[in-house]
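Student: Okay, here's the structure, questions in a sec.
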Amino acid sequence: MTETKVAGPAEVWITGIGLATSLGEGLDANWQALEARRVNVDEKTFAPYVVHPFAPVNFDTQIPKKGDQRQMEAWQRIGTYAAGLALDTAGVKGNKEILSRMDMIVAAGGGERDLAVDEAIVSAQAKGNVPPGFLNERLMNDLRPTLFLAQLSNLLAGNIAIVHGVTGTSRTFMGEETAAVDAARIALARIVDGESDIALIGGAQNGERKDLLVLYEFDDFNLKNKFEPVWARSARPGFALGSAGAFLVLESKAHAEARGAKPYARLTNVVGDHARRKEPGQVTASLQALWTQLGVTNENAPVITGAAGAEPATAEERAFLQSHPGHAVRATGTMFGHTMEAQFPIGLALAALSLSRGALFPPNDSTGFEIEMSTPPSQIVVVGTGHWRGEGMALVEAIS
């Protein structure tokens with residue numbers, strides 16, 4: 001297939017969705033869990049910290065070579081697996097002609113650590129009398145060479161290219177939640193401007209990591225002891241890390257129609273900001289400014305938010321949402337945990353899935369802040385407020 005050139009701005013469709021989360025693998029499993037208001041949490045393994053553990057999958061179905069799996073750490077396997085699911089649902093898996101020019105923008109965090117080596121070094125140093133050069137010697141001798149492949153953020157994209165053959169342009173963004181906002185924003189802009197026909201975007205996180213829990217505990221971000229829905233955490237704020245991968249295939253309408261692809265929804269706009277957050281209310285003001293840029297025309301458009309549960313960001317986001325009454329709200333952090341780089345793609349995926357199925361999934365909130373919505377949505381707003389920096393929004397619309 002030759003590249004499809006369009007006159008004027010291109011309409012952008014979401015034609016593929018890949019979800020692998022704590023609730024299950026694939027669109028039907030995740031949707032059924034949402035309808036059942038099911039939450040998968042572990043309060044014991046990493047006590048006192050609460051996590052949403054990854055649901056078991058057969059990685060062989062998307063990463064058939066055991067050698068490829070062995071050189072990846074968990075977050076890369078999760079992401080590569082979810083990317084394969086997105087390509088499958090888009091109907092482009094194995095299509096070398098399309099994959100060879102498919103753009104890829106991945107939101108990724110830092111790589112994983114070898115905890116056994118870390119613990120051995122810290123224990124030895126705590127006992128004292130370690131020889132000069134001890135640290136360098138241990139790092140040189142004890143760390144396996146493939147660990148460095150697991151630590152490089154851009155190797156999630158590299159593994160997707162190797163395993164699935166996505167070999168167009170490749171970009172990796174870092175920056176927690178807002179890295180994914182930028183991934184969606186730039187992919188959308190490139191397709192709208194005719195610089196690209198089709199793109200794969202998304203992110204992944206392994207939330208079952210002691211090193212991550214330690215990192216976030218330094219600023220008291222972790223939810224401890226007992227799980228509660230996001231909006232019920234004001235007295236005990238914090239996020240419960242979640243393991244998930246979420247990827248989407250974005251495609252110009254003309255390109256999708258030329259190959260007979262069916263869309264889930266239309267991605268109309270993505271906007272982002274970085275509030276200074278030095279004074280109270282700046283997150284609320286930032287979100288309000290983004291809302292005015294977004295182009296929402298339906299006064300009852302529901303909102304799917306990746307609100308973390310961390311303060312003061314979540315309280316300020318709630319104040320913004322309360323200033324727009326009538327919009328049914330759903331917090332993905334309650335069901336999936338906080339998945340950092342995957343949080344915004346999960347919101348986009350659920351928005352597209354809800355629009356394609358003609359229904360918003362039910363609330364899962366003990367406070368009453370989330371309300372039922374019985375009418376089919378025509379627009380859904382996806383909000384991504386970073387736990388300590390960055391804000392973003394997307395407008396996803398139904399295709400009649």
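Student: Of all residues being acidic (Asp, Glu) and within 20 Å of residue 366 (Cα to Cα) in segment 24-45, which is most open to solvent (accessible area, probe 1.4 Å)? Just the residue, please. Break it down stepwise before answering.
Tutor: Step one: list which residues in segment 24-45 are acidic (Asp, Glu), which gives 25, 28, 35, 42-43.
Now restrict to residues that are within 20 Å of residue 366 (Cα to Cα): 35, 42-43.
Working: 35: 99, 42: 32, 43: 74 Å².
Across segment 24-45, the extreme among qualifying residues is 35.
Student: Let me ask something else about it. How many residues are over 38 Å from the mean Cα position of the chain (by Cα) and assigned to a loop (DSSP other than H, G, I, E, B) when one looks only at segment 113-148?
Tutor: 6
Student: Taking the stated definitions as given, is residue 257 open to solvent by 10 Å² or more (accessible area, probe 1.4 Å) and more than 30 Å from residue 87 (Cα to Cα)?
Tutor: No.
Student: Run residue 153 past the list (1) assigned to a helix (DSSP H, G or I); (2) without any contact (Cβ under 8 Å) to a residue 60 or more places away in the chain; (3) surrounded by 17 or more Cβ atoms within 10 Å (Cβ to Cβ) and report the number of the one that doesn't hold.
Tutor: If we test residue 153 against (1) assigned to a helix (DSSP H, G or I); (2) without any contact (Cβ under 8 Å) to a residue 60 or more places away in the chain; (3) surrounded by 17 or more Cβ atoms within 10 Å (Cβ to Cβ), just (1) comes out false.
Student: Here's something else I'd like to know. Of (1) assigned to a helix (DSSP H, G or I); (2) modelled with pLDDT under 95; (3) open to solvent by 40 Å² or more (accessible area, probe 1.4 Å), residue 68 satisfies all except one. Which?
Tutor: Status for residue 68: all satisfied but (3).
Student: I'm trying to understand the selection: among the residues of segment 83-114, which are open to solvent by 10 Å² or more (accessible area, probe 1.4 Å) and touching a helix residue (DSSP H, G or I) at 6+ places or on another chain (Cβ under 6 Å)?
Tutor: Those that are open to solvent by 10 Å² or more (accessible area, probe 1.4 Å) and touching a helix residue (DSSP H, G or I) at 6+ places or on another chain (Cβ under 6 Å): 93, 109, 111, 112, 113, 114.
Student: Next question. With the structure loaded, tell me whether residue 337 is small (Gly, Ala, Ser), within 21 Å of residue 361 (Cβ to Cβ) and crowded, with 20+ Cβ neighbours inside 10 Å or whether it fails that test.
Tutor: Details: small (Gly, Ala, Ser): yes; within 21 Å of residue 361 (Cβ to Cβ): yes; crowded, with 20+ Cβ neighbours inside 10 Å: yes.
Yes: the conditions hold for residue 337.
Student: Looking for whichever is out of contact with any Asp or Glu (no Cβ under 6 Å at 6 or more places or on another chain), in contact (Cβ under 8 Å) with a residue 40 or more places away in the chain and open to solvent by less than 10 Å² (accessible area, probe 1.4 Å) here; the options are 203, 194, 245. Which one fits?
Tutor: Just one listed residue meets the conditions, 245.
Student: Regarding residue 163, is this residue assigned by TED's automatic domain parsing to the domain that holds residue 84, without any contact (Cβ under 8 Å) to a residue 24 or more places away in the chain and assigned to a helix (DSSP H, G or I)?
Tutor: no
The values are calculated or read from the model by the stated rules, or taken from the named source; none is laboratory data. All values derive from a computational prediction rather than experimental measurement. When we count neighbours, we look across all protein chains shown, and the Cβ atoms used for this are built from the backbone with ideal geometry, even at glycine. Ligands, DNA and RNA are excluded from the accessible area calculation, which covers all protein heavy atoms including side chains. Shrake-Rupley method; radii C 1.70, N 1.55, O 1.52, S 1.80 Å.
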